Amino acid sequence: MRHHTPYNGNQACGPTQTIVCPTKCNEVNTASQSNVQYIHPSHTVVKNHHLVKNTHVYPHSTSWQNTVNSVNVYGGSPQVPAPPVPSAPVNQPPRPGFWR
């Protein structure tokens, strides 16, 4: 005996078929935030420049010296006119240093 499946209006007659429809893709967007810290180091070098200016001086002085010489010259006695010679007697010899 054959066994019959009772007719159901929702089913087709014959063997049951399975049909797989294409997958419907739903897209859900989410957002997140992260903080990335970038470090940019910097450095300042302060260079102090100092100039030592060496000034060379050569002081020079000039002096003068005067020499003074003194000479004492002693001459004879100044020329003084001789006193008048008295007339001598003719027979007396003349005095030395006097002329007649």
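The values are calculated or read from the model by the stated rules, or taken from the named source; none is laboratory data. None of these values were measured; they are calculated from a predicted model. When we count neighbours, we look across all protein chains shown, and the Cβ atoms used for this are built from the backbone with ideal geometry, even at glycine. Side chains are part of the model used for accessible areas, which takes the heavy atoms of the whole protein and leaves out ligands, DNA and RNA. Shrake-Rupley method; radii C 1.70, N 1.55, O 1.52, S 1.80 Å.
What to note about this one:
Residue-wise test of (1) outside any loop (DSSP other than H, G, I, E, B); (2) among the β-branched types (Val, Ile, Thr); (3) out of contact with any Lys or Arg (no Cβ under 9 Å at 6 or more places or on another chain); (4) modelled with pLDDT under 90.
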| position | (1), (2), (3), (4) |
| --- | --- |
| Arg2 | no, no, yes, yes |
| Gly14 | no, no, yes, yes |
| Thr30 | no, yes, yes, no |
| Lys47 | no, no, yes, no |
| His50 | no, no, yes, no |
| Gln65 | no, no, yes, yes |
| Val68 | no, yes, yes, yes |
| Pro93 | no, no, yes, yes |
| Pro96 | no, no, yes, yes |
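- Among the residues of the range 71-83, those that are at pLDDT 75 or above and open to solvent by 100 Å² or more (accessible area, probe 1.4 Å) comprise Val71, Asn72, Val73, Tyr74.
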